[in-house]
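For reference, the structure discussed in these notes is given below.
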Amino acid sequence: MERKKMVIIGATGSAYKRTIPALKDSEICVVSAIQSRNEEKLRKICDEYGIKSYYTNISKMLKDETYDLIYIANPPFLHKETIEQCVQYGKPIICEKPLARNYEEAKQIKDILNDKNIPFMVAHHLRHQKAYEDLQYILENKEIGEIVSCWGQWGFAINPHKDSSLWKLNRLQSGGGTLTDNGIHVLDLMLGLFKMPKKVVGSFHLNGFSETYGNETMLMIYDDKDIVIQSSHTMPFAGNHLLIYGTKGSIEVNGAFGESSIKKMIIKSSLGEYVKEYEPENLYKKEVENFIQYQSNHKYNYGTTLDEAIDALGLIDEMRNGGK
């Protein structure tokens, strides 16, 4: 396969930290141009990774460059206006999480995309690993029986003084708290494994922040099971585990939630107790490559769809509104 050319909007933040280095040796995708407002940093990234072109203007890059897909890596408060610009060019789009700041804004993005028939994925890296496929298989085949309960956590201690944290701690820009930052990865994984609940309730606390919730806990309620999601911006010693309990066994994954792929799962099931161990996977590389490969071969994992990303934000809004 000839390498697809990808342009990145908002390339000097998380894309510089994760996506650009992940694709350095990709045989499927090459970053051909990048955009940001920081020209000095753009020059540095181009020199470091051999990227041919950089732009400070989004429209100019989209108009002047030749490319096959677009990666939107700027903060969520810019996603709607950025997607409006991108759809004019008809190219497949990968958008960083969260899709938007809230459910209403996410629905507006869907309206923008609805008539365009453009392949679109939200970048949730945790779905793009062998362990996720194994989790799906074990659950679908009822190896641990009917699921009774599940718990997932992603917590860390955000540095409020870093420039990259400023928008995350601004209610109008971030969406309001930790659940629309790191916690949405846990919610996305649960929706991938268990689909939509009947309802959600939860609790949320500022815990030292003036505008955004530093700790949030969501309870997803189904007819036959409950799922707990715990997200934190104030937890320096989080375990970040995934625990699933069924009528015939359990799955325990220590350190399931983070930037790295899952290393080990412990399964107690109708087949006995066993351990699955995994080689490291570059999930930021795989999410882009899977998206590209899916366009020509639907056997590949598509990742998080537009509707799934909208559902996740709807659940967060429902929780924060007291389950209404």
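The values are calculated or read from the model by the stated rules, or taken from the named source; none is laboratory data. It should be emphasised that the depicted structure is a prediction, and the values quoted were computed from it without experimental measurement. Every residue, glycine as well, gets a Cβ built from its backbone with ideal geometry; the counts of neighbours run over all protein chains shown.
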- [ ] Would you be able to tell me the number of residues in the stretch 68-90 that are surrounded by fewer than 17 Cβ atoms within 10 Å (Cβ to Cβ) and over 21 Å from residue 37 (Cα atoms)?
- [x] 3
- [ ] Enumerate the strands (runs of 3 or more DSSP E) found wholly within the stretch 245-299, keeping only those where 1 or more residues are buried (at least 21 other Cβ atoms within 10 Å of the Cβ).
- [x] 250-253, 264-269
Open item on the list: For the stretch 300-324: of the residues being surrounded by fewer than 22 Cβ atoms within 10 Å (Cβ to Cβ) and among the β-branched types (Val, Ile, Thr), which is nearest to residue 22 (Cα to Cα)?
Closed with: 305
- [ ] Among residues belonging to the stretch 188-221 that are surrounded by 15 or more Cβ atoms within 10 Å (Cβ to Cβ) and among the acidic types (Asp, Glu), point out the one that is farthest from residue 311 (Cα to Cα).
- [x] 216
TODO: Consider only pairs whose beta carbons are under 6 Å apart and that are at least six residues apart or on different chains; among these, list those whose first residue lies in the stretch 91-115 and is outside the structural domain of residue 175 (by TED's automatic domain parsing) and whose second residue is of a type in the set (Lys, Arg) and at pLDDT below 95.
DONE: none
- [ ] Please state which of the following conditions residue 162 fails to meet, knowing it meets all the rest: (1) under 20 Å from residue 225 (Cα atoms); (2) modelled with pLDDT under 95.
- [x] (1)
TODO: Give the number of residues within the stretch 196-216 that are touching a helix residue (DSSP H, G or I) at 6+ places or on another chain (Cβ under 9 Å) and under 28 Å from residue 140 (Cα atoms).
DONE: 6
Task: Residue check for residue 142: at pLDDT 95 or above, part of a loop (DSSP other than H, G, I, E, B) and of a type outside the set (Phe, Trp, Tyr) - done: yes
TODO: Take the stretch 129-187 and flag every residue that is of a type in the set (Gly, Ala, Ser) and exposed (fewer than 14 other Cβ atoms within 10 Å of the Cβ).
DONE: 149, 157, 164
Open item on the list: Just to verify a result, which residue in the stretch 1-58, among those that are under 18 Å from residue 292 (Cβ atoms) and of a type in the set (Asp, Glu), is farthest from the chain's Cα centre (by Cα)?
Closed with: 2
Task: Residue that is within 23 Å of residue 282 (Cβ to Cβ), in the same structural domain as residue 108 (by TED's automatic domain parsing) and modelled with pLDDT of 95 or more, where the choices are 58, 72 - done: 72
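Identify, please: which residue in the stretch 300-324 is part of a loop (DSSP other than H, G, I, E, B) and in contact with a Phe, Trp or Tyr (Cβ under 9 Å, 6 or more places away or on another chain) and is, among those, nearest to residue 176 (Cα to Cα)?
Applying the first criterion (part of a loop (DSSP other than H, G, I, E, B)) to the stretch 300-324 yields 300-303, 305, 321-324.
Retained after the next criterion (residues that are in contact with a Phe, Trp or Tyr (Cβ under 9 Å, 6 or more places away or on another chain)): 300-303, 305.
Values: 300: 34, 301: 30, 302: 28, 303: 25, 305: 23 Å.
So the residue we want is 305.
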